[in-house]
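Undergrad: Please read through the structure below; I'll follow up with questions.
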Amino acid sequence: MSDTPNWHKSTFSGGNTNDCVEVADNQPLILIRDTKDHAAGLIQVTPAAWAAFTGHVSRG
């Protein structure tokens, strides 16, 4: 595990837009931040909570 978060944009962002979130999943907790406003901070959730959230969203 790296000390530096490996940030990546959502695959639903599309193109070169900055209207999205970034996620780092190489930490003990999942880190989520706004692409346009890194200074606003981030949200930390457990891997189980992130899996539940993404599973719910993918079901529509």
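The values are calculated or read from the model by the stated rules, or taken from the named source; none is laboratory data. Just so you know, these numbers come straight off a predicted model, no measurement behind them. Here the Cβ positions follow ideal geometry from the backbone for every residue, glycine too, while neighbour counts run over all protein chains shown. The area values use the complete protein model at the heavy-atom level, side chains included, leaving out ligands, DNA and RNA. Shrake-Rupley method; radii C 1.70, N 1.55, O 1.52, S 1.80 Å.
Undergrad: Relative contact order of the chain, please, whole-number percent, based on alpha carbon pairs below 8 angstrom and at least 6 residues apart. Can you show the working numbers first?
TA: Working: 79 pairs, mean separation 14.4, N = 60.
RCO, the chain: 24 percent.
Undergrad: How large is the charge dipole for the chain, taken about the Cα centre, if only the Cβ atoms of Lys, Arg (+1) and Asp, Glu (-1) carry charge, to the nearest 20 debye?
TA: Values: 4 positive and 6 negative charges, 35 e Å.
Magnitude of the dipole: close to 180 debye.
Undergrad: Write down the accessible area per residue of the chain in Å², having rolled a 1.4 Å probe over the full set of protein chains. Walk me through the numbers on the way to the answer.
TA: Working: 4400 Å² over 60 residues.
Each residue of the chain exposes 73 Å² on average to a 1.4 Å probe.
Undergrad: Output ³J(HN,Hα) for the stretch 32-39: one whole-Hz value per residue in order, computed from phi by the Karplus curve 6.51 cos²θ - 1.76 cosθ + 1.60 with θ = phi - 60°, and x for Gly and Pro.
TA: Those phi angles translate into 9, 9, 7, 4, 7, 9, 4, 5 Hz.
Undergrad: Which of Ser2, Thr54, Ala40 sits closest to the plus end of the dipole of the chain, meaning its Cα is farthest towards the positive end, when Lys and Arg get +1 and Asp and Glu get -1 on the C-beta?
TA: Of the candidates, Thr54 comes out farthest on the positive side.
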